[in-house]
Amino acid sequence: MPKRPRGRAAGGTVPCRVVVCRDCCCGSPKVTGVDHAAQSARLRAEVPVRISDCLDVCDQANVIVVQPSAAGRAAGARPVWLGLVNDAEATEDIVDWVRAGGPGVAPLPDVLDLYAFTPPRRAGRP
């Protein structure tokens, strides 16, 4: 079965996008025991990913922001910020949620609710 072009879901709709912070603390040896390259590669295998400079929430490293799809935005969804994403299981939970539609389309799984946080107003925006 041929893969869909990255950036478009079935039917030509715009899927969720994932922003991965990889500057300062996120993605660095400061967060030990995490295969940062494997985490980014796993996300890239499933969804459009943008690697970001520091999002100014270093106390939550590693930070991943899931931006809603066009359908999610139409439903009123906002980006969901996830912090302390430091294990492969959490990355898989994000992949599963995004595959299900992500913000505004699929409910945030309870396990990911544990990682969700509201960034301070001064935080960088993805």
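The values are calculated or read from the model by the stated rules, or taken from the named source; none is laboratory data. The structure presented is a predicted model; accordingly, all values stated were derived computationally and were not measured. A quick note on method: Cβ atoms are made from the backbone with ideal geometry, for glycine too, and the neighbour counts reach across all protein chains shown.
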Meets criteria (β-branched (Val, Ile, Thr), in contact with a Gly (Cβ under 8 Å, 6 or more places away or on another chain), at pLDDT 75 or above and at negative phi) for Val20: yes
Test result for Leu43, under 13 Å from the mean Cα position of the chain (by Cα) and under 15 Å from Pro15 (Cβ atoms): yes
Matching residues in segment 37-69 - criterion: being at pLDDT 95 or above and more than 21 Å from Glu89 (Cα to Cα): Pro68, Ser69
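Check Arg121, Arg42 and return the single one that is farther than 23 Å from Pro29 by Cβ and surrounded by fewer than 18 Cβ atoms within 10 Å (Cβ to Cβ).
None of the other options fit; the residue is Arg121.
In this structure, does Val34 turn out to be modelled with pLDDT under 95, β-branched (Val, Ile, Thr), surrounded by 12 or more Cβ atoms within 10 Å (Cβ to Cβ) and on the phi < 0 side of the Ramachandran plot?
Taking the combined requirement at face value, the residue satisfies it.
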